[in-house]
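Worksheet for the structure shown next.
Derivation of every value follows stated rules applied to the coordinates shown; laboratory data play no part. Worth saying up front: this structure is predicted, and the values here are computed from it rather than measured. All Cβ positions, even for glycine, are placed from backbone atoms using ideal geometry, and neighbour counts span all protein chains on display.
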Amino acid sequence: MTIQFNDETFRDDYTFRNSDWALKRFPFPFHEDSYMYSVNMEQHRGGPEGSVYEKRFDVDEHYVSEMRDRAQVLSEDPLRCQSLPHMTLAGWDVLELIMVSKSEDYPDLFELHRDGNRWRWINKPLGIDDTFTFLDEATLPYGPLEYITRQTQGDFAVLDQRDDNLWMDAGMVTTQADWSLDFDIGMNFFEWHAPVPMAHEKGIFVRALKFLMNIQQGAPARRLNWTMTVNPLLDTSPENYHKWGIQKTTLTPENIGAKQHLRVELQTFFRLPRSNALVFPIRCYLCSFQDLMTVPKWGRRLHRVVRDLPAELATYKGFIDNRPLMLDYLSGFDDGLPTSPGIWPDLETEPPLAK
Amino acid sequence: MSGAEKIAVKVTEIVPVNDLVTRFRFERVDGGALPTFSGGAHTVVEMQDGEITRLNPYSLMSDPMDPSAYTISVRRDDKGRGGSLFMHQKVQVGDEMTISYPVNLFPLDLRAKKHLFLAGGIGITPFLAQIKQLERLGGHWELHYACRTPALGSYVDELTAHHPNETHVYYDDQDQAIDLKNLLDGQPLGTHVYVCGPKGMIDWVRSTAQAEGWPREMVHYEEFLAPQPGKPFEVKLAVSNKVIAVGEHESLLEAIERAGVDAPYLCRGGACGQCETDVIDYAGKFIHRDHWLEEEQQASGKKIMPCVSRFEGRTLVLDR
Ligand code: HEM
Ligand code: FES
């Protein structure tokens, strides 16, 4: 299908909206009625047609507006994109991976023509048509990582693998759930995960690192993570906490359905060929509570998950203060009926709300 | 499925390099491009040797950025279990084979100001790819290469012809040896050392570097472990509820696979850790040969790496 790109904002007047299409394919992150951290990883080899899993790099109706938002963040804070000197080759790997994937997966939107190291890249939605020399930085307006991630939804952490660990030595981070590339740059897997509660004790990070270091070329993996955001804000960074933290106090029983958003990250992992580095795209999907509640299964389940989530996690994810308000709202969509397993909406088979 | 992704290839060239070493060239059966890779990567080659399926790792030695073909060099091991003999004696130009995607357990540290390569014998192969990669990227490197005799010095001629200033060759039969201590002392700050060769050489380089105060993370090594033959033994696989016999010329991992049990692996050379298996019960003695388990783990009797390690004794029960 051809995608109709929205003209919308993720700040100030917040005109961001999900179409019916976007709602149906929203990656609802709970496969059962409760949630705890786990090493929830699977192969990233496509998925049901039209789902966010289908393509290697999902492009949706928010693409053009998200890229406009990213450009604005970067103009105010260039340190959102960084690459230590030894990571330039990995940047080219990322550029190649994305250009090849997008041109193969969306031939109507993106084209890549390669003649040896002479490459021509056409990005129709953003109106870009550039010719450059692969591996020659002087022929691009930005470094290779910045160039391609200014044209790709989601944040990107690029990890160097050495000394039995992963090191966050490059990245593009403008749509993050309250963490900072500038703070984490140069850290290893255990250092940047230090703030996360409960998962260290459960041995999750030791196993996750082992899994990640064994991800091989041609066999990418993925997982989902989630949090909560008031207003459809992409840039919930520590740098700008003074701007968005305060918005969490504006929730009322009247506006919560429209203002409170479930924020889901589709995280994927690819081994890069030339640098042997790992790239970790973190793609953010937002959906308002009121839109989610149109899917009866999701309404029932979200209520149960939020209600039973350990306080440590609700605190870390930053919604412990608003949890009572959320539960008041969400309980109206939970009639106590059982839910089907798995994340899919199951609109045809799940009963409508009996309340 | 275990192991890295597979690629169907055709053997397009076989070149005897010297009395012991033969080079093989692989291209994709479908004529497409092979994945680019990073210098130091290996591929696992599947060999259908009669009833037995062998999977042996070999370093990729071709230009990592050339997707048209991969090349490997195989050293004939007359006392081994037959993988290298199969490659030397049975494989012919035109044969179709299956190889794995590249896997790199011996990558360059791209932060290095200089890369100091120490090769022994067939251990030269990963460096051939790394040298091509560094030449493309403009990296700074130096090679010290020990061979038994000039006649067995694989690729010495091409290395000295193309890189006369960077290449230093030492012949055992002429009593030449790398003056390691002085070599290490003379390196500029930010140099990383890489060693690939026989176990004795790796141990020598690592212990000398350590004694000279080199940090562990600046000394990289890769040893080619081929599973060694040994006495047959019996194993009980508790999860799949099977008792299997491991033959003299097969590895424990191969015997597990032959019994139809899917066991994880990647390198099949005792280096990657993927095949680590819990021991539930045993009476006898382990022959640990891997580089993965810590010494205490090997002594504990609780873990085994079935790709290279064996067992002698009455009972062995594995969690597989
Ligand atoms: C190399 C890839 C990865 C990167 C770059 C990464 C990065 C991060 C960062 C920056 C945070 C925020 C920490 C903070 O509060 O400052 C985080 C949180 C977290 N990470 Fe990772 N991570 C990676 C892989 C994984 C994997 C494979 C797991 C698997 C279990 C995992 C589990 C978590 C969890 C559970 C949290 C807390 C999230 C929440 O509750 O919202 N991470 N990660
Ligand atoms: S398969 Fe790599 S250590 Fe056994």
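Which whole-number percent gives the relative contact order of chain B, counting Cα pairs below 8 Å spaced six or more residues apart? Relative contact order here is 16 percent.
Just flag the GluC sites (Glu not before Pro) in region A:162-251 sitting in loop per DSSP whose Cβ has no more than 13 other Cβ atoms within 10 Å. Each step should come with its number before you reach the end.
Values: sites: A:GLU191, A:GLU201, A:GLU239; in loops: A:GLU201.
Taking region A:162-251 and a limit of 13 other Cβ atoms within 10 Å, the loop GluC sites (Glu not before Pro) found are A:GLU201.
Would you work out the relative contact order for chain A, in percent, from Cα pairs under 8 angstrom that are 6 or more residues apart? Walk me through the numbers before you get to the answer.
On the way: 607 pairs, mean separation 71.3, N = 355.
Over chain A, the number comes to 20 percent.
Sorted fewest first by neighbouring Cβ atoms within 10 angstrom, B:ARG289, A:ARG271 come out as B:ARG289, A:ARG271.
Principal-axis analysis of the Cα atoms of chain A puts helix A:88-105 at an angle of about 70° to the longest axis. Residues A:GLU66, B:GLU27, arranged from fewest to most other Cβ atoms within 10 angstrom of their Cβ, appear as B:GLU27, A:GLU66. Quick check: the angle from helix A:296-308's long axis to the longest principal axis of chain A, C-alpha only, nearest 10 degrees? Long axis of A:296-308 versus the principal axis of chain A: about 90 degrees.
Over 27 Å between C-alpha atoms is what I'm after, so list which of A:LYS124/A:LYS317; B:LYS181/B:LYS302; A:LYS210/A:LYS317; A:LYS55/A:LYS259 land there. Cα-Cα > 27 Å for A:LYS124/A:LYS317; B:LYS181/B:LYS302; A:LYS55/A:LYS259; rest within.
The shape of the protein assembly as shown can be summarised by an equivalent ellipsoid whose semi-axes, obtained from the alpha carbon gyration tensor, come to 48, 30, 24 Å from longest to shortest. For chain A, a Gaussian network of Cα nodes joined below 10 Å ranks A:PRO273, A:PRO324, A:PRO27 by mean-square fluctuation, and the top entry is A:PRO324. In the elastic network of chain A, a GNM with C-alpha springs shorter than 10 Å, the most mobile of A:ALA277, A:ALA71, A:ALA194 is A:ALA194.
Think of region B:114-222 as having a plus end and a minus end, set by charges on the Cβ of Lys, Arg, Asp and Glu; of B:PRO215, B:CYS147, B:TYR170, B:PRO215 sits farthest toward the positive end of this dipole. Relative to the longest principal axis of the Cα atoms of chain B, the long axis of helix B:125-137 lies at roughly 50 degrees. The GNM of chain B, with springs linking C-alpha atoms under 10 angstrom apart, assigns the highest mean-square fluctuation among B:ALA255, B:ALA245, B:ALA41 to B:ALA245. Restricting region B:148-238 to trypsin sites (Lys or Arg not before Pro) that sit in a DSSP loop and have at most 16 other Cβ atoms within 10 Å of their own Cβ leaves B:ARG148. Ordered by the number of other Cβ atoms lying within 10 Å of each residue's own Cβ, fewest first, B:ARG258, A:ARG80 fall into the sequence B:ARG258, A:ARG80.
Listed values for region B:88-99 are Karplus-derived 3J(HN,Hα) couplings in whole Hz (6.51 cos²θ - 1.76 cosθ + 1.60, θ = phi - 60°), namely 6, 9, 9, 6, 10, 4, x, 4, 9, 9, 10, 10, and x replaces Gly and Pro.
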